[in-house]
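The values are calculated or read from the model by the stated rules, or taken from the named source; none is laboratory data. Because the structure is a prediction, the values reported are computed rather than measured. Neighbour counts run over all protein chains shown; Cβ positions are idealised from the backbone, glycine included.
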Amino acid sequence: MRKAKTPARWFAEVEMAVQFFDLDPMQIVWHGNYVKYLEVARCALLDKIGYNYGQMQESGYMWPIIEMNLRYAGPAAFGQRLLLRAEIVEWENRLRIDYLISDLATGKRLNRATTTQVAVDIKSGEMCFVSPAILFEKLGVPAP
């Protein structure tokens, strides 16, 4: 598993404002809505590398999330501007993405997260133990 300095195209950042419908009774973002924020950042990242969900399907693979970890450091409130960052940190045997959600104005960290996805061959339904060549191609790195 490689963990090196992330090439510029292997991360994406998205700005967004907290919406009223994401709040809980305490008037802060309900913890479950952070999963939605991760998806927003992940989709921006996958679009950036040219391998979004539609392109994954066209290549013959689906990439289900098999693990997700979130750590909450501070609350987000209605109208607060957030910066969502997603970064690819592993790709050889699985796709691991690290996330940082922070306050756009101050840079204060609000949430850190990680998701792990594995390639599954759509035709056979079998999990791949090595990421398919298409991922290496999209990342611009040689396949093992």
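Tabulated data for the structure shown
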quantity	calculated
The listed residue being under 30 Å from GLN27 (Cβ atoms) and in a strand (DSSP E or B), out of ALA41, ALA105, ALA86	ALA86
Criterion (touching a Gly at 6+ places or on another chain (Cβ under 9 Å) and not small (Gly, Ala, Ser)) met by exactly one of ILE49, ILE66, ILE88	ILE49
Lone unmet requirement of (1) part of a helix (DSSP H, G or I); (2) at pLDDT 95 or above; (3) not acidic (Asp, Glu) for ARG9	(2)
Residue in the range 97-110 that is nearest to VAL141 (Cα to Cα), counting only those that are within 15 Å of the chain's Cα centre (by Cα) and without any contact (Cβ under 8 Å) to a residue 40 or more places away in the chain	ASP98
Complete set of residues in the range 51-84 that are closer than 19 Å to PHE136 by Cβ and exposed (fewer than 13 other Cβ atoms within 10 Å of the Cβ)	GLN57, GLU58
Contacts under 6 angstrom Cβ, first residue in the range 51-67 being touching a residue at least 60 places away in the same chain (Cβ under 8 Å), partner surrounded by 12 or more Cβ atoms within 10 Å (Cβ to Cβ) and not in a helix (DSSP H, G or I), 6 or more apart	GLY60/ILE122; TYR61/ALA119; TYR61/PRO132; MET62/VAL120; MET62/ILE122
The range 11-39 residues that are more than 30 Å from TRP91 (Cβ to Cβ) and touching a residue at least 12 places away in the same chain (Cβ under 8 Å), paired with ones that are among the basic types (Lys, Arg) and crowded, with 16+ Cβ neighbours inside 10 Å (beta carbon under 9 Å, 6 or more apart)	none
Every residue from the range 111-129 that is in a strand (DSSP E or B) and touching a residue at least 60 places away in the same chain (Cβ under 8 Å)	ASN111, ALA113, THR115, ASP121
Number of the condition not met by MET56 [criteria: (1) in a helix (DSSP H, G or I); (2) over 16 Å from the mean Cα position of the chain (by Cα)]	(2)
